[in-house]
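Chemist: Dumping the structure here so I can ask a few things about it.
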Amino acid sequence: MEKNKFLSFLSLVLKGIPVGIAFIIPGFSGGSVAAIIGIYDQLLEAITGLKKHFKQSIGFLIPILVGMILGIAALILPIKIFLPNYPIIVVSLFIGLSLGGLWSITPNVGKLRDMKWYHAFSFLLPLAFAAVIGFLPNRESVDLINLNAFGYVLLFLVGIVGSCALIVPGISGSMLLLILGYYNPILELVTDYLLHGQMIGHCLLVVLAVGLGIVVGFFLISFIMKKLLTKCPKGTYIAIVGFIIGSVPTAYIASCADAMESGWTFASVAADPVHWIIAALFLIVGIVGSLLLVKFSRKSTK
């Protein structure tokens, strides 16, 4: 019995890792990953039922949270190194994972012949919204070193925005943070100061302010999504598919724009066939890997 509990805990930790990774990559959504690996409904149920089923909810959320922290901690430095230098290749891998994972959502959408005319809006509007985000101009990076009281309040609100990445599939919280000008400063504060033992108190205050916002937004948006899935599940899942597909160009645009700030240029790879071949291979690897992950998740669920 104890062995089964440990394996169940470990399984949830492993599923939380890609959710955490998606949270720190511009253009990607932890909610999309949760839907792809088949824990989205359980995640919403655990969050919204925390008061009613505290023990069961905590038993589900803690390993997911542990996995997310492990995912962020393990890849925050590699992503900072590789994403600015090889954005197209890195993003192609994650887009492959997203597209291959759509197979896990299609059973909730149903058959095409059963669609109503208004379901087209459920698909097209989220698709357009997710795609347009990538074309919004990014604000200049904010200064997180010299913060006043209002600055911490803004960080709390930024955390609420960032929580969108965890709950709403296809909406990237990191992409929204990039547009608001907070993504790079937060990433640099953690990697350049906190991990090197500099300004630890200030860094922890910044992380705490953002973290509190994420927690508040986490619960608020979860309740909204739970209501939508209860009242109109088919339309909501169709919207989720629209969000995920629409986030594909956004992911490329966001990551390339972020890389350009570090000196990367599109011209440096435009005429390099090897670069595009590797990107295509990573896209295929992502799709195949995601399909295998969905298949494994369905088997383990059964």
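Chemist: Looking at G235, is it within 18 Å of the chain's Cα centre (by Cα) and either of a type in the set (F, W, Y) or at pLDDT 80 or above (or both)?
Modeler: For G235, the condition - within 18 Å of the chain's Cα centre (by Cα) and either of a type in the set (F, W, Y) or at pLDDT 80 or above (or both) - is not met.
Chemist: Residue check: is P18 in contact (Cβ under 8 Å) with a residue 24 or more places away in the chain, farther than 24 Å from Y237 by Cα and not β-branched (V, I, T)?
Modeler: no
Chemist: Please specify each residue of the range 244-259 satisfying the condition of being at pLDDT below 80 and either in contact with a Leu (Cβ under 8 Å, 6 or more places away or on another chain) or surrounded by fewer than 18 Cβ atoms within 10 Å (Cβ to Cβ) (or both).
Modeler: Scanning the range 244-259 gives I244, A254, S255, A257, D258, A259.
Chemist: In the range 121-148, what residues are at pLDDT below 85 and among the hydrophobic types (A, V, I, L, M, F, W, C)?
Modeler: Result: F129, A130, A131, V132, I133, F135, L136, V142, L144, I145, L147.
Chemist: Turning to a different aspect of this structure: Which helices (runs of 4 or more DSSP H) sit wholly inside the range 176-281 and have at least 3 residues that are farther than 19 Å from L77 by Cα and touching a residue at least 24 places away in the same chain (Cβ under 8 Å)?
Modeler: 200-231, 233-260
Chemist: Right, another one. Those residues that are over 13 Å from S98 (Cα atoms) and either within 8 Å of the chain's Cα centre (by Cα) or at pLDDT below 80 (or both), I need them from the range 10-24; list them, please.
Modeler: Once the filter is applied, which keeps residues that are over 13 Å from S98 (Cα atoms) and either within 8 Å of the chain's Cα centre (by Cα) or at pLDDT below 80 (or both), the range 10-24 yields G20, F23, I24.
Chemist: Is it the case that V33 is part of a helix (DSSP H, G or I), under 17 Å from C164 (Cα atoms), of a type in the set (V, I, T) and out of contact with any Ser or Thr (no Cβ under 6 Å at 6 or more places or on another chain)?
Modeler: yes
Chemist: Name the helices (runs of 4 or more DSSP H) wholly inside the range 51-135 in which the number of residues that are more than 22 Å from A22 (Cα to Cα) and touching a residue at least 40 places away in the same chain (Cβ under 8 Å) is 2 or more.
Modeler: Output list reads 106-109, 119-133.
Chemist: Another question, if that's okay. Say we look at the range 260-302 and pick out the residues that are among the aromatic types (F, W, Y) and either closer than 28 Å to S11 by Cα or buried (at least 18 other Cβ atoms within 10 Å of the Cβ) (or both); which of these is modelled with the lowest pLDDT?
Modeler: Narrowing the range 260-302 to residues among the aromatic types (F, W, Y): 264, 266, 276, 282, 296.
From what's left, either closer than 28 Å to S11 by Cα or buried (at least 18 other Cβ atoms within 10 Å of the Cβ) (or both): 264, 282, 296.
Details: W264: 82, F282: 91, F296: 68.
Taking the candidates together, the pick is F296.
Chemist: Let me ask you something else. From G16, G49, G30, which residue is among the small types (G, A, S) and in contact with a Leu (Cβ under 6 Å, 6 or more places away or on another chain)? Reasoning before the result, please.
Modeler: Numbers: G16 fails: in contact with a Leu (Cβ under 6 Å, 6 or more places away or on another chain); G49 fails: in contact with a Leu (Cβ under 6 Å, 6 or more places away or on another chain).
From the options G16, G49, G30, the qualifying one is G30.
Chemist: Taking Y40 and the conditions (1) within 19 Å of A74 (Cα to Cα); (2) modelled with pLDDT of 75 or more; (3) crowded, with 21+ Cβ neighbours inside 10 Å; (4) of a type outside the set (G, A, S), which numbered condition does it fall short on, given that it satisfies the others?
Modeler: If we test Y40 against (1) within 19 Å of A74 (Cα to Cα); (2) modelled with pLDDT of 75 or more; (3) crowded, with 21+ Cβ neighbours inside 10 Å; (4) of a type outside the set (G, A, S), just (1) comes out false.
The values are calculated or read from the model by the stated rules, or taken from the named source; none is laboratory data. Computed from a predicted model, the values in this text were never measured in an experiment. Virtual Cβ from ideal backbone geometry, glycine too; neighbours counted across all protein chains shown.
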